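The structure appears right after this line, and notes come after that.
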Amino acid sequence: MDHVALQLSIVICTYNRAQYLPNALRSLNDQSANGKSYEVIVVDNASTDATQDVCRKLIPQLTNTTFSYYQEKQQGASFARNTGATFAKAPLLCFMDDDAVAHTDFVERIVTFFSGYPEAGGLGGRIVPLYIPEEPSWMSYYVSSLVGHFHYAEKVTEFRGGKFPFESNMTIPTALFREVGGFNEAIPGVVGTARVGGEGKELCIRISKLGHAIYYDPSVIVKHVVETNKLTPSYLARVAQGIGKGERIRTKSVSNRAFNLKTIEYVAKLQAAILIGLYYIIRRESEKTGPVIRFRISALRGLLQK
């Protein structure tokens, strides 16, 4: 029998998603790739729901590949992802969310990409919102990033202009991830209901500074569950403020000039959001105006809060 090398370690950090985690794990079990070529590492980030019981019952039933379960008591996605990474055995390290569902060729396409771009410092893929029960009428392209929607280009493309993958569909060479020290835990991501976002961007910036190109491949796809009843103005404000908070931490660690430039950028984006809002009013889609403007106000507020 031919030997199949382990090529990809997939880390899923999970917090109180017992309802959706099984679909995420089953999607990774039911891959087109040989099960011996990848592994799945689940990190329970101090869940208070039935997550632990779900994992203990479900994982033994998933036999196509190797699943392992660990716990990280320190709340924060960056802590949990870093913990998962310490157990990774494969040369490629992938991160996926606990409420995402991977396409059946997810693993295969990641491995294929890196076989063609062995020098790549990272890879991001497409994230398609799976609205439950349906997409809200007020949702627009300019707000959809807050619920995880991500599509950068129609073909394999190097990220440019400060754009980088989202954490819920991101792959980094394991050795490079460890070389740069993993996720910056000062930008923890989701911590309960609190958010300090942009941890993936900050990681990719450090990788880029070492001279490594990071790419986007639209064929590497996950669907991301979005419960529309939870998309309240206060929830979206917390997400947007978390983006601003993360950018404050990141830019302040660089220099005051970097922070000031980011502030100017955010003010300009707010001005653009007002124009976009007026455009929607003219098109008689005024329900989309408020969310677009509130997004940029909340992000600026998060950036400026000490």
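Structural remarks
- Value of [θ]222 nm, deg cm²/dmol, for the chain, DSSP H segments ≥ 4, -39500 (n - 2.57) each, nearest 500: -12500 deg cm²/dmol
- Exposure proxy for Ile132, Ile41, Ile59: other Cβ atoms within 10 Å of each Cβ, ordered fewest to most, give Ile132, Ile59, Ile41.
- Reachable aspartates and glutamates, given that their alpha-carbon falls under 12 Å from the alpha-carbon of Lys223 and they are not under 8 places away in the same chain: Asp97, Asp98, Asp99
- Listed residue pairs exceeding 21 Å between alpha carbons, taken from Lys201/Lys252; Lys73/Lys163; Lys155/Lys269: Lys73/Lys163; Lys155/Lys269
- The equivalent ellipsoid that matches the C-alpha gyration tensor of the stretch 161-221 spans semi-axes of 19, 15, 11 angstrom, in descending order.
- Sites matching GluC sites (Glu not before Pro) across the stretch 95-170 that sit in DSSP coil, with at most 10 neighbouring C-beta atoms within 10 Å: Glu119, Glu134, Glu154
- Cα lying deepest toward the dipole's positive end in the chain, options Ser9, Leu92, Phe295, charges on Cβ: Phe295
- Between the listed residues Val226, Thr65, Leu304, the Cα displaced farthest toward the positive end of the dipole of the chain, a dipole computed from Cβ unit charges relative to the Cα centre, is found at Leu304.
- Each of Glu39, Glu287 was scored by other Cβ atoms within 10 Å of its Cβ. Listed from fewest to most, they are Glu287, Glu39.
- Label positions at Arg160 and Val4, each projected 7 Å from the Cα along the C-beta direction, are separated by 3.9 nm.
- The stretch 134-175: trypsin sites (Lys or Arg not before Pro) falling in loop per DSSP and having at most 12 other Cβ within 10 Å: Lys155, Arg160
- In a reduced charge model with +1 at each Lys and Arg Cβ and -1 at each Asp and Glu Cβ, the stretch 235-304 shows a dipole moment near 200 debye about its Cα centre.
- DSSP bridge orientation in the chain - percent antiparallel, rounded to nearest 5: 35 percent
- Descending principal axes extents, the chain, alpha-carbon based, whole Å: 65, 43, 38
- Unit charges on C-beta of K, R, D, E only; dipole of the chain, Debye: 1260 debye
- Shape summary of the stretch 122-240, radius of gyration then Dmax from alpha carbon positions: 15.0, 45 Å.
- Footprinting exposure proxy ranking of Ile249, Ile281, Ile264, fewest other C-beta atoms within 10 angstrom first, gives Ile264, Ile281, Ile249.
- Under a Gaussian network description of the chain, with springs only between Cα atoms under 10 Å, the residue in Gly197, Gly162, Gly124 that fluctuates furthest is Gly162.
- Counted over all Cα-Cα pairs of the stretch 72-115, pairs farther apart than 14 Å make up 60 percent.
- Whole-number D in µm²/s for the stretch 235-304 (Stokes-Einstein; Kirkwood sum over Cα pairs; 25 °C, 0.890 mPa s): 198 µm²/s
- Taken about its Cα centre, the stretch 98-212 carries a charge dipole of about 400 debye when Lys and Arg each add +1 at the Cβ and Asp and Glu each add -1 at the Cβ.
- Distant-in-sequence amide H partners of Arg195 (H built 1.01 Å from N, under 5 Å): none
Throughout, read-outs are computed from the coordinates displayed, never taken from laboratory work. Everything numeric in this text was worked out from a predicted model, so none of it was measured. Note: ideal-geometry Cβ built from the backbone for every residue, glycine included; neighbour counts use all protein chains shown.
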